[in-house]
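For reference, the structure discussed in these notes is given below.
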Amino acid sequence: MNWYRIDLHIHTPASADYQTPDVTLLDILRQAEARGADLIAFTDHNSVRGYANLWRDIEDLELLEALQRIAPDEQARLDEFRRILSKMRVLLGVEFTATFGFHILAIFPEGTSIRHAEHTLLSLNIPEDKIDLGSGEVGATTDVLSAYEMLSDAGALVIPAHVNSTHGVAMQHLPFGGQTKIAFTQSPLISALEATDLENSSRRSTAKFFNGSKPDYARRMHVIQGSDAHRLHRDPNRETNLGVCDRMTEMHLIEPTFEALKALFESDNFSRVRPFRPSQDPYDFIRTARSEGETIVQAFHEQPPKRRGRLSPIVRDVVALANGHGGTVFVGLSSKATEDVAGVEDATAEAQKIREDIARHASPPISISADIHSTGGKQVVIVSVPPGPEKPYAVAPGNIFVRQEGETTLAHRDEIVELVKIGDAQRNDAIPQLVPRASGPEPIDDEPPVATRRRPSRAKRTQVEVTEVEEERPAARPTGVSESSDNDDNPDDLPLPRTGVEIIESEDRDGIVYHSMRDLRNLKVVHNVTRDSARRLWRYAITQKENHPCEVDEVTWHSERGFWKAYKPRGGDVRFNLVYKTGNDLRVYYGVTEEGMDSEWRDLIPEKHRA
């Protein structure tokens, strides 16, 4: 396994909008070689003419050579083609324009014929008279979801292009509802997403947005970057107008081939993709992960556990992540980026112990990978956990754990019931997804937006369509417990934050107060929670509710929305308690993070508390 430099988005003069038409294909190959590329793809607009021209040029030169009629300069050019292509692979690709102008990269396997690729484009409704023009404007073609299916059936890797910017399927600046955006970015036919902000450490960067931590976007996506080069060298007057291989992705592969790329994108190992940086400043994904800290999709252990087996906290974390959207466990460093990396003394042996413990004590089996990486001059173990297809998972003999707000805890009854439902649906090939209803225009932003939260519908998604069905009611509760208000007070009309927790009902029974809690990440309700049984954020909310209930005059109001207080949990980031007023009732949202707010909520936060 080695790190290889890859650029899967390079245009040639066969694209109508190419900016330096006097450039030759050999010039492009030489520039890619000079930048250290190991694998590239030619991806002209709605055409494969550039790739076809490359091999036609080589075949013409080889014919002249075979006939012994080749001139010295032609022989030199042929020798240069052979030299470069012996060390760098070039794949056939295309940048397809779907309806409404969305761009999709399709990367075909080695050996794909030009005829097959052009037949695919014709099937996608590229007009025959435009298939050689390389134009991004080709009229009505095929909708995005159908294009995914047809390109995948043709054997291509399907990669929505520059999703966070113009013509991207994350739909910036376009008045599409959230349900459509989810379908466009979470389709199982997508191999990866291409973004222009892979280096961005912001919590709202594309990679962070699609890291599996958001219930509406439960599929964690491989995110790559490419140069989208329309010229040989970077434009000196516009830094973002890149040249060949000015923005590459490094991927950890056995070899730089189509099949290796496909295997990586089909895996749940997200530590094998990183933005390329010069050797003097290599990208360290572990350092980036530490800057995020403990989250719903990643956990940290500074030292290997002293106790192995079912008591191991690593085993519990793995089970919890498998019961959710998957994630990563880091062993050998804390979650605090300011602390030195402790490292693992014998990382190879520790990785094997972790594999053995998971195989022995996780039920049903979980297909993890435990790899060794270096950071801060030390070796650490990275455990990659896929989202489990056979929920619920348990630590033998029967302890079921879940991951919540950066904490692994025993599942409550209602959570176990929900996991059983999801597991049954998965076993019947009908995986339920929480999908928000279309709610008007998305925020205009250069990054994936955080939309105002509405109650989602449960949907069953096929490859080419999304169909809304009625949301299931919460599971029945023990006799004598009243129905909670979540089914009576119509929260559809409320602008709920996307993180934090809300207490929707409380009941005193024999001196003990039982609460019904709504998790604002997924809008699931858990009943019969007490202060003693609550996990960290929930315990904080219950303590506030019982000891320091919110009063109207304590809140800074802006219309119906209000800011109550900010607090910082130990080892975590600042959180906010927000309030929404409906008549005489105050709905309090505890522990909301910045990533959970739309612009109206964010405007309420005092300047001193903003990141």
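Observations, loosely collected:
- Being at positive phi and out of contact with any Lys or Arg (no Cβ under 7 Å at 6 or more places or on another chain) is a property that holds for GLY101.
- Being under 26 Å from GLY155 (Cα atoms) and out of contact with any helix residue (DSSP H, G or I) (no Cβ under 9 Å at 6 or more places or on another chain) holds for only one residue in ASP246, ASP268, and it is ASP268.
- Subset tally (residues that are part of a strand (DSSP E or B), farther than 16 Å from ARG316 by Cα and either touching a Pro at 6+ places or on another chain (Cβ under 9 Å) or of a type outside the set (A, V, I, L, M) (or both)) for segment 356-380: 6
Rundown of residues vs (1) surrounded by 14 or more Cβ atoms within 10 Å (Cβ to Cβ); (2) hydrophobic (A, V, I, L, M, F, W, C), yes/no style:
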residue	(1), (2)
ALA534	yes, yes
LYS568	no, no
ARG575	yes, no
THR593	yes, no
MET597	yes, yes
ILE605	yes, yes
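- A search for C-beta distances below 6 Å between a residue of segment 521-543 that is part of a strand (DSSP E or B) and any residue that is basic (Lys, Arg), counting only pairs 6+ apart in sequence or on different chains, returns VAL525/ARG518; HIS527/ARG477.
- Enumeration of residues in segment 490-548 that are among the aliphatic types (A, V, I, L, M) and either within 20 Å of THR408 (Cβ to Cβ) or touching a His at 6+ places or on another chain (Cβ under 7 Å) (or both): VAL501, ILE503, MET517, LEU520, VAL526, VAL529, ALA534, LEU537, ALA541, ILE542
Listed here are the residues, each with its yes/no results for (1) farther than 30 Å from ILE372 by Cβ; (2) modelled with pLDDT of 50 or more.
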residue: VAL385; (1), (2): no, yes
residue: GLU390; (1), (2): no, yes
residue: VAL395; (1), (2): no, yes
residue: ASN399; (1), (2): no, yes
residue: ALA425; (1), (2): yes, yes
residue: GLY440; (1), (2): yes, no
residue: ARG455; (1), (2): yes, no
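- In segment 180-229, of all residues being aliphatic (A, V, I, L, M) and outside any loop (DSSP other than H, G, I, E, B), the one that is surrounded by the fewest Cβ atoms within 10 Å (Cβ to Cβ) corresponds to ALA183.
- Breaking point among (1) aliphatic (A, V, I, L, M); (2) buried (at least 20 other Cβ atoms within 10 Å of the Cβ); (3) closer than 29 Å to ARG290 by Cβ, for ILE542: (3)
- Matching residues in segment 43-97 - criterion: being in contact with a Lys or Arg (Cβ under 9 Å, 6 or more places away or on another chain), in contact (Cβ under 8 Å) with a residue 40 or more places away in the chain and not charged (D, E, K, R): ASN46, SER47, ILE84
- Failed item, numbered, when LEU54 is tested on (1) within 17 Å of LEU8 (Cα to Cα); (2) loosely packed, with under 14 Cβ neighbours inside 10 Å: (2)
- Scanning segment 13-27 for residues that are closer than 20 Å to ARG238 by Cβ and either among the aromatic types (Phe, Trp, Tyr) or not in a loop (DSSP other than H, G, I, E, B) (or both) turns up just one, TYR18.
- GLU239 meets each of the listed conditions (1) surrounded by fewer than 16 Cβ atoms within 10 Å (Cβ to Cβ); (2) modelled with pLDDT of 90 or more apart from (2).
- The one condition from (1) farther than 30 Å from ASP22 by Cα; (2) touching a Leu at 6+ places or on another chain (Cβ under 6 Å); (3) without any contact (Cβ under 8 Å) to a residue 40 or more places away in the chain that VAL223 does not meet is (3).
- Flag for ARG274 being charged (D, E, K, R), touching a Ser or Thr at 6+ places or on another chain (Cβ under 8 Å) and within 21 Å of ARG203 (Cα to Cα): yes
The values are calculated or read from the model by the stated rules, or taken from the named source; none is laboratory data. A quick note: this is a predicted structure, and the numbers were derived from the prediction, not measured. Positions of Cβ are backbone-derived with ideal geometry, glycine not excepted, and every protein chain shown enters the neighbour counts.
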